[in-house]
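Only one structure is covered here, and it is reproduced in the block below.
The values are calculated or read from the model by the stated rules, or taken from the named source; none is laboratory data. Given the structure is predicted, the values throughout are model-derived calculations rather than measurements. Here the Cβ is made from the backbone with ideal geometry for all residues, glycine too, and neighbour counts use every protein chain on show.
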Amino acid sequence: MTQRSNRRRPGRATAWRQRAFWTIYALAYDALWDAPLTDEVVAAVEASIEPGEPVLEVGAGTGLVAQRLARHGRRVVATEPAAAMRRRFQERCPQVPVSAHAIEELTPDLVDEALGRGGVVLAVHVIHVTEDPVRALEQLRCVAGPRPLVIVTPVRGANLAQLARAHAAAGRSRPGVAGFLLVHALLAPAIALLGPRPAPRRGTEGAEGSPPPSAIVRGVAEVVTLSSASFRASRATTRDP
Ligand SMILES: C[S@@+](CC[C@H](N)C(=O)[O-])C[C@H]1O[C@@H](n2cnc3c(N)ncnc32)[C@H](O)[C@@H]1O
């Protein structure tokens, strides 16, 4: 995955805001998310894909998911557009190839090149931070071709208290949960000023909650995390034939 297309790049101001946000968030990302909750997410992902299938993880961040999948013996390739996140990815997973493509820049040829014939395309906690989640889902469905597409999403509008409860339910220590809350409180201004601003899912403005990805694109397995109860209780997997 060496080539880079120029398709659908964000405007300059948006690109600057995104770069600034992920540069700041990268400083704290591992402290926030290298945690039992991520182990649970990966276990749920593993349960929804065939053993031995290689995985293309898009928006792979600092490599927390990719590293766990690789430890389970999977061949993993990744994309991560934010340079600061990608640098940490490369330190964490030097053996996993990672390119700089955003979802909007992926093409079927790039995915074929990365995965060969089979494989699975995976996005963990990414779709809701893109500028246009519907377009991102449609793009992923298109470039994945016949391959399974696995989307991990937090419950819409999950707040900090829900996130903290999900971490605690997954087994994070009390000081760990307190640290998670504290770091997020410190990051609050950056999140408010620079954080992701996804457009509402088209046709759902004003609706109670977004439709699941399976209502937007065919053939998608969804894992929902971070509900108010606990991740384990809220996990729901849907797959279209
Ligand atoms: C919340 S992090 C999740 C990282 C990783 N998947 C994980 O679960 O640890 C979201 C990641 O999505 C990336 N991202 C944001 N917009 C993207 C896009 N349009 N295409 C691909 N990745 C994107 C960000 O740079 C960030 O690294």
Where Gly59 falls short, out of the listed (1) closer than 19 Å to Leu182 by Cβ; (2) near the ligand (Cβ under 10 Å from one of its atoms): (1)
Test: residue in the range 58-65 that is of a type in the set (Gly, Ala, Ser), buried (at least 22 other Cβ atoms within 10 Å of the Cβ), in contact with a Ser or Thr (Cβ under 8 Å, 6 or more places away or on another chain) and part of a loop (DSSP other than H, G, I, E, B): yes
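For every residue, the table says whether it meets (1) of a type in the set (S, T, N, Q); (2) near the ligand (Cβ under 10 Å from one of its atoms).
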{"site": "Thr14", "(1), (2)": "yes, no"}
{"site": "Gln18", "(1), (2)": "yes, yes"}
{"site": "Ile24", "(1), (2)": "no, no"}
{"site": "Gln67", "(1), (2)": "yes, yes"}
{"site": "Glu91", "(1), (2)": "no, no"}
{"site": "Pro94", "(1), (2)": "no, no"}
{"site": "Ala102", "(1), (2)": "no, yes"}
{"site": "Thr107", "(1), (2)": "yes, no"}
{"site": "Val120", "(1), (2)": "no, no"}
Condition check for Val76: within 11 Å of the ligand (Cβ to nearest atom) and modelled with pLDDT of 95 or more: no
Helices (runs of 4 or more DSSP H) enclosed by the range 81-186 - at least 3 residues per element that are touching a residue at least 24 places away in the same chain (Cβ under 8 Å) and under 22 Å from Val55 (Cα atoms): 83-92, 108-115, 133-144
Residue match in the range 135-152 (condition: surrounded by 13 or more Cβ atoms within 10 Å (Cβ to Cβ) and over 27 Å from Gly119 (Cβ atoms)): no
Which listed residue, of Glu53, Glu46, is at pLDDT 95 or above, on the phi < 0 side of the Ramachandran plot and more than 13 Å from the ligand (Cβ to nearest atom): Glu53
Exclusive hit being touching a Phe, Trp or Tyr at 6+ places or on another chain (Cβ under 8 Å), surrounded by 20 or more Cβ atoms within 10 Å (Cβ to Cβ) and on the phi < 0 side of the Ramachandran plot, set Val41, Val76: Val41
Filtered residues of the range 98-130 (kept if among the charged types (D, E, K, R) and touching a Lys or Arg at 6+ places or on another chain (Cβ under 7 Å)): Glu104, Glu105
